[in-house]
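Here's the structure we're looking at; comments come further down.
The values are calculated or read from the model by the stated rules, or taken from the named source; none is laboratory data. The shown structure was predicted, so the numbers you read here are calculated from the model rather than taken from an experiment. Note that we place each Cβ from the backbone using ideal geometry, even for glycine, and neighbour counts take in every protein chain shown.
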Ligand code: FCB
């Protein structure tokens, strides 16, 4: 009896030690494989920067957020609807309305860009204005974008056009939107129509903005229309958006002159790190989430295989070899990283935790420029140039924007010095604008915008960004040119 107890005790001790080693070993392996960087900013000279002369320096906006007057998009219905509790969908019951009236005021805004020395502008064309009814294209809307491009080119500013940025026409949403694979062709047709119409004016296209954010917000957290909460649909919509990119890319390339266009996708890289770096569940959960949000997309373009997996919830597998050669550049949006703490309650688990003493923006994002450097290195595995299509801060007081810009440009410059191929940087955003579910409460603009008079007022962040741009952009130092800017993004 005593001997048997002894054996049992020894087996338990052995098992305990074995599990302990396994836990500790795995945690150490994760820490080594996925290091979290933290730099000592007090010893860094953020003026020590390097950027190539061909670099694109710009700001970014999207049509729905700045143009105003859009009643044909699914967002128009969404912001006028109530949720199940009868509350408005948008913070403070805001509606987009006239936004920044960019539709009419773009000449003034192009002058603002010019005054900062910028040589590029990323904006989106609004599908719901261009094709308000299925198959019916609005000539006025197309003319508007042609004129916007002409104005930019005249000012020596390269137009970088996004074909899909969050919004869809109501007719498209009503036929099932991105939930249905057969609807992808509607988008491809629209894209081809606009690429033809803009012709020589536009050389650089972003197909889809942030497919994973669209899929997650619209189909997992339900904060964007159609407000569903279904992880299976999230995966499906993400997959369909990626297929749409691949088909659009190849359709553009097949057009006359299409080979000369630079076509890429835009992906928000929000790195996911464990809250407690000694906790195995935190590591496993953060790696899984990171893979779903970032890895799935990166791997799809690297290998042609799409695998979206959340154990016990969803597994979606798909293969498309045409994905492998469907990027001329990778559009990187970077804002922050998330720290996840495992919990059996998914609502809690997916709520990022924020350490004390973290410098926060007005969104629930911490300022983490080291993550920007990590993100560039991460997407570099795709072997195509990286274009930073968005990076910016919501900062109503404008007391962190200068630090944010300086530190993020330092992180980017460090990556460039180490040999990473980065061809442009677009600050989000030129102006305060309609920040989706957050309405007008979040101030991302280099220029403040008075919601009543629509007057634009320069912030300190704009001054700082302009100074840095002028240091590196030789074109900015010259008087406005009349032709297109030759910027090397290959
Ligand atoms: C990005 C979106 C952009 C804007 C910024 C703050 O994820 O692409 O439209 O909302 O966030």
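Which of the residues spanning region 376-405 are touching a strand residue (DSSP E or B) at 6+ places or on another chain (Cβ under 6 Å) and under 24 Å from residue 339 (Cβ atoms)? I'd like the intermediate steps shown before the answer.
At the first step, the residues of region 376-405 found to be touching a strand residue (DSSP E or B) at 6+ places or on another chain (Cβ under 6 Å) are 376, 379, 382, 384-390, 392.
Residues satisfying the conditions are 376, 379, 388, 390, 392.
Of all residues in region 159-195, which are within 19 Å of residue 264 (Cβ to Cβ) and more than 20 Å from the chain's Cα centre (by Cα)?
184, 188, 190, 192, 194, 195 - these are the residues of region 159-195 that are within 19 Å of residue 264 (Cβ to Cβ) and more than 20 Å from the chain's Cα centre (by Cα).
In region 14-24, is there at least one residue being touching a strand residue (DSSP E or B) at 6+ places or on another chain (Cβ under 9 Å) and either outside any loop (DSSP other than H, G, I, E, B) or within 16 Å of the ligand (Cβ to nearest atom) (or both)?
no
Starting from residues that are assigned to a loop (DSSP other than H, G, I, E, B) and in contact with a helix residue (DSSP H, G or I) (Cβ under 7 Å, 6 or more places away or on another chain), keep the ones in region 267-286 and report whichever is nearest to the ligand (Cβ to nearest atom).
270
Note down all Cβ pairs under 6 Å where the first residue falls in region 209-220 and is farther than 18 Å from residue 187 by Cα, the second is more than 9 Å from the ligand (Cβ to nearest atom) and at pLDDT below 95, and they're at least six residues apart or on different chains.
Matching pairs, first to second residue: none at all.
Among the residues of region 238-266, write down those that are in a helix (DSSP H, G or I) and within 16 Å of the ligand (Cβ to nearest atom).
Our first condition is that a residue be in a helix (DSSP H, G or I); within region 238-266, this holds for 238-253, 258-260.
Answer for region 238-266, where residues must be in a helix (DSSP H, G or I) and within 16 Å of the ligand (Cβ to nearest atom): 238, 241, 245.
If you take the residues of region 438-453 that are surrounded by fewer than 18 Cβ atoms within 10 Å (Cβ to Cβ) and within 15 Å of the ligand (Cβ to nearest atom), which of them is farthest from the chain's Cα centre (by Cα)?
441
If you scan region 313-353, which residues turn out to be touching a strand residue (DSSP E or B) at 6+ places or on another chain (Cβ under 6 Å) and free of Cβ contacts under 8 Å to residues at least 24 places away in the same chain?
Across region 313-353, the qualifying residues are 315, 317, 319, 352.
Since residue 91 meets every condition but one in (1) in contact with a helix residue (DSSP H, G or I) (Cβ under 7 Å, 6 or more places away or on another chain); (2) more than 16 Å from the ligand (Cβ to nearest atom), which condition does it not meet?
With (1) in contact with a helix residue (DSSP H, G or I) (Cβ under 7 Å, 6 or more places away or on another chain); (2) more than 16 Å from the ligand (Cβ to nearest atom) applied to residue 91, the lone miss is (2).
So residue 291 ticks every box in (1) touching a strand residue (DSSP E or B) at 6+ places or on another chain (Cβ under 8 Å); (2) closer than 29 Å to residue 366 by Cα; (3) in contact (Cβ under 8 Å) with a residue 24 or more places away in the chain; (4) away from the ligand (no atom under 16 Å from the Cβ) but one. Which box is left unticked?
For residue 291, the failing item is (3).
Tell me which of these residue 397 doesn't satisfy, since it passes every other one: (1) within 24 Å of residue 101 (Cα to Cα); (2) within 16 Å of the ligand (Cβ to nearest atom).
Going through the list (1) within 24 Å of residue 101 (Cα to Cα); (2) within 16 Å of the ligand (Cβ to nearest atom), residue 397 breaks only (2).
How about region 348-368: which of its residues are under 19 Å from residue 290 (Cβ atoms) and either assigned to a loop (DSSP other than H, G, I, E, B) or away from the ligand (no atom under 16 Å from the Cβ) (or both)?
348, 349, 350, 351, 352, 353, 354, 355, 364, 365, 368, listed by residue number.
Determine whether residue 405 is buried (at least 19 other Cβ atoms within 10 Å of the Cβ), assigned to a helix (DSSP H, G or I) and within 16 Å of the ligand (Cβ to nearest atom). Spell out how you get there, then give the answer.
Numbers: buried (at least 19 other Cβ atoms within 10 Å of the Cβ): yes; assigned to a helix (DSSP H, G or I): yes; within 16 Å of the ligand (Cβ to nearest atom): yes.
So residue 405 fits the description; yes.
Being assigned to a helix (DSSP H, G or I) and either away from the ligand (no atom under 13 Å from the Cβ) or more than 17 Å from residue 300 (Cα to Cα) (or both) is the filter here, so list the residues in region 196-213 that pass it.
Listed by number, the residues that qualify are 196, 197, 198, 199, 200, 201.
When you go through 332, 327 one by one, which is the residue that is touching a helix residue (DSSP H, G or I) at 6+ places or on another chain (Cβ under 9 Å), buried (at least 19 other Cβ atoms within 10 Å of the Cβ) and more than 25 Å from residue 393 (Cα to Cα)? Walk me through how you get there before you give the answer.
Details: 332 fails: more than 25 Å from residue 393 (Cα to Cα).
Of the residues listed, the single one that is touching a helix residue (DSSP H, G or I) at 6+ places or on another chain (Cβ under 9 Å), buried (at least 19 other Cβ atoms within 10 Å of the Cβ) and more than 25 Å from residue 393 (Cα to Cα) is 327.
Could you tell me whether residue 468 is modelled with pLDDT of 95 or more and closer than 30 Å to residue 293 by Cβ?
Answer is no for this residue.
Got a sec? Which of 248, 303, 297, 223 is in contact with a helix residue (DSSP H, G or I) (Cβ under 7 Å, 6 or more places away or on another chain) and surrounded by fewer than 23 Cβ atoms within 10 Å (Cβ to Cβ)?
Selected residue: 223, the only one of 248, 303, 297, 223 that is in contact with a helix residue (DSSP H, G or I) (Cβ under 7 Å, 6 or more places away or on another chain) and surrounded by fewer than 23 Cβ atoms within 10 Å (Cβ to Cβ).
Quick check: is even one residue across region 159-174 over 30 Å from residue 232 (Cβ atoms) and away from the ligand (no atom under 16 Å from the Cβ)? Before the answer, list the steps.
Of the residues in region 159-174, the ones over 30 Å from residue 232 (Cβ atoms) are 159-161.
Cutting the leftovers down to away from the ligand (no atom under 16 Å from the Cβ) gives us 159.
Yes, region 159-174 contains a residue that is over 30 Å from residue 232 (Cβ atoms) and away from the ligand (no atom under 16 Å from the Cβ).
Cβ-Cβ distance below 7 Å, separation of 6 or more or different chains: which pairs start in region 418-432 with a residue that is more than 30 Å from residue 101 (Cβ to Cβ) and end on one that is within 16 Å of the ligand (Cβ to nearest atom) and in a strand (DSSP E or B)?
422/388; 423/387
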